[in-house]
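Participant: Got a structure here, written out as structure tokens. Questions coming.
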Amino acid sequence: MSRAAIRYAKAILDTAVASGNAEKVNQDMLSMVNNIVGNVELEDFLGSPIITSEIKISALNEIFPNLQSETSSLFRLLLENKRFEILASVAAQYNSLYDQMNGVEVAYVTTAIEMSSEIESQVKSKIASISDKKVTIKNIVDPAILGGFILRIGDRQYNASVANRLQELKREFSN
């Protein structure tokens, strides 16, 4: 995350809070993150030095119609400063700052496959024992953990993965 993205996100959040539009702008930013991150063509398009900024802003207005004025002003600001390549980072940083402002923590749950309802209920009960804040869950799939889950909230981590348990057994047997 670049410092520039953080500065842009803070500026847009301040503007959105002042106008009472922070939640709607957060929805815009979530939409941008979901549509840009992982979309190689769109990321390349936004980062291309060959494509003019005017074309980029026109395309973004087509892709994301009905945006809040604060979000549109971010496009104009990135246009003026020729920084469209950091749009997804700015949007992600805005979401993070918005969650912090509202006392919401993000719990990153790493699983070997997509979370089942059984694992999700285990994770939610573990979250309740760790944090009294409102928590949103983001699932990361990593087959290397073999099974179970790894829960990370802020700087705290709970590792209930099969790979971790195998490492513990290996250490016990080697001692």
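Participant: Under 25 °C and 0.890 mPa s, how fast does segment 96-136 diffuse according to Stokes-Einstein, given a Kirkwood radius computed over C-alpha pairs? Answer in µm²/s, whole number.
Facilitator: 219 µm²/s
Participant: On the protein heavy atoms, probe 1.4 angstrom, tell me the percent of accessible surface of the chain carried by carbon and sulfur.
Facilitator: 51 percent
Participant: Note down the magnitude of the dipole of segment 32-141 about its Cα centre, charges +1 on Lys and Arg C-beta and -1 on Asp and Glu C-beta and zero elsewhere, to the nearest 20 debye.
Facilitator: Dipole about the Cα centre, nearest 20: 300 debye.
Participant: For the chain, take the longest principal axis of its alpha carbons; what is the angle in degrees between that and the long axis of helix 3-18, to the nearest 10 within 0 to 90?
Facilitator: 70 degrees
Participant: I need the Debye-formula profile for the chain: one equal scatterer per C-alpha, no solvent, reported as log10 I(q)/I(0) at q = 0.13, 0.19 1/Å, two decimals.
Facilitator: Normalising to I(0) and taking log10 leaves -0.77, -1.17.
Participant: Sticking with this one: Express the accessible area of the chain per residue in Å², computed with a 1.4 Å probe while the remaining protein chains stay in the model.
Facilitator: 60 Å²
Participant: From the alpha carbon gyration tensor of segment 1-88, can you work out the equivalent ellipsoid semi-axes (sqrt of 5 times each eigenvalue) and give them in Å, largest to smallest?
Facilitator: In descending order the semi-axes read 20, 14, 13 Å.
Participant: Go ahead and run the numbers for FRET between L77 and K124, Cβ-Cβ distance against an R0 of 45 Å, rounding to 0.05.
Facilitator: After rounding, the FRET efficiency stands at 0.70.
Participant: Over all alpha-carbon pairs in segment 28-77, figure out the percentage whose distance exceeds 12 Å.
Facilitator: 65 percent
Participant: OK, next. On the Cα set of segment 63-110, report Rg and Dmax in Å, please.
Facilitator: 13.3, 39
Participant: Same structure, new question: From Cα pairs below 8 angstrom and at least 6 apart in sequence, can you work out the relative contact order of segment 1-143, rounded to a whole percent?
Facilitator: Rounded, it is 31 percent for segment 1-143.
Participant: On to the next question. Ratio of Rg to Rh for segment 121-172, alpha carbon only, Kirkwood?
Facilitator: That ratio equals 1.01.
Participant: Separate question: Please count, across the chain, the pairs of lysine residues with Cα atoms under 15 Å apart that sit 8 or more places apart or on different chains.
Facilitator: Final tally of qualifying lysine pairs is 6.
Participant: Let's see if you can work this out: charge +1 on each Lys and Arg Cβ, -1 on each Asp and Glu Cβ, no other charges. What is the dipole magnitude of segment 1-95 about its Cα centre, in debye to the nearest 20?
Facilitator: 320 debye
Participant: With angles folded into 0 to 90 degrees, how steeply does helix 87-101 sit against the dominant principal axis of the chain? Use alpha carbons for both and round to 10.
Facilitator: 60 degrees
The values are calculated or read from the model by the stated rules, or taken from the named source; none is laboratory data. These numbers were taken from a predicted model, which means no experiment stands behind them. Neighbour counts run over all protein chains shown; Cβ positions are idealised from the backbone, glycine included. Note: accessible area is taken over every heavy atom of the protein model, side chains too, but ligands, DNA and RNA are not part of it. Shrake-Rupley method; radii C 1.70, N 1.55, O 1.52, S 1.80 Å.
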